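Reading through the structure tokens given below for one structure.
The values are calculated or read from the model by the stated rules, or taken from the named source; none is laboratory data. Keep in mind it's a predicted model, so treat the numbers as computed, not measured. Cβ placement follows ideal geometry from the backbone for every residue including glycine, while neighbour counts extend to all protein chains displayed.
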Amino acid sequence: MLELNKEATVAERITQINGTSFGNWCWTRPPNGRVLNELSELNNIVSSITLSDKPDPWKCTLDPSGTYTTKSMAHLINSLKLGGNALNTTIPRNNLLPQKVFIFIWRAFQKKIPVRYELDKRGIDLDSILCPLCEREIESVEHSLVLCPKSALIWKHVLDWWAQDISIISNLNDAIINNQAFALNKHGSSLWQVTKWITCYIIWKHRNLKVFSKKVWSLASILSEIQTQSYSWISKRLRKKKSIMWHQWLINPSFFVADPPHRVGIG
């Protein structure tokens, strides 16, 4: 049986002579039988060890540098929980929006917001997993934010406001990733993305008000909030010359997508 001082460091347990390492073993009884073969294999391993004067470190195999990082751990967790497809799709940040909206959008895309279907998958006992708004379909993330008849009606009015065809928002990926309406114009794409993400954010906000506070879903108030909130956040974050008047934004926001990025001012 091998007995070692538990307080000893690796350097104290191994002796180097002429570049070859030997173990400092302390036996309670001499090894014999098949243990000798195991000891021989151990000595071969030890002999190839090269020690340095540096303190014994821990090495993390998740990162090529050998250093532990939260990013490498997050990547491992995501790869195990979400699979490869989610990791291959990057959600671009939009500096026109506050961090809380981006975090919500990221969680929604990863199907991590607490819709009833996801809660049920995690073993949470619910009276129903039907959508609390339409009460007809199972409440998944995509259903809640895009496909529910009440959510779809909001999207129809938002798309009418932007003078866009309703067919460009048919699933969760369209609502979060695709910007095909203004694919050739970076400025317009950014403004449209702001509107889409705020629409998702406010739909979820009013869904929660209905579930937890029993507040009535008002189409007019939601559309007004989407228009006001998008204008407010854009007006605080866009840079440079020229301004967008509030009444212009309210009537036809797509009018501004051909212009270069500029500061939005309240008219």
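With the requirement that a residue be over 18 Å from Val211 (Cα atoms) and either touching a Lys or Arg at 6+ places or on another chain (Cβ under 9 Å) or hydrophobic (A, V, I, L, M, F, W, C) (or both), what does the range 109-134 give you?
Correct list: Phe109, Gln110.
For the subset of the range 157-173 comprising residues that are in a loop (DSSP other than H, G, I, E, B) and among the small types (Gly, Ala, Ser), which member is modelled with the lowest pLDDT? Working first, answer last.
Going through the range 157-173, the residues in a loop (DSSP other than H, G, I, E, B) turn out to be 162-165, 169-171.
Subsequent filtering for residues that are among the small types (Gly, Ala, Ser) retains 163, 170.
Numbers: Ala163: 86, Ser170: 92.
The extreme case among them is Ala163.
Pull out all pairs, ordered by first then second residue, where Cβ-Cβ is under 8 Å, the residues are six or more apart or on different chains, the first lies in the range 161-172 and is under 20 Å from Glu225 (Cβ atoms), and the second is among the aromatic types (Phe, Trp, Tyr).
The qualifying pairs are Trp162/Trp192; Ile169/Trp155.
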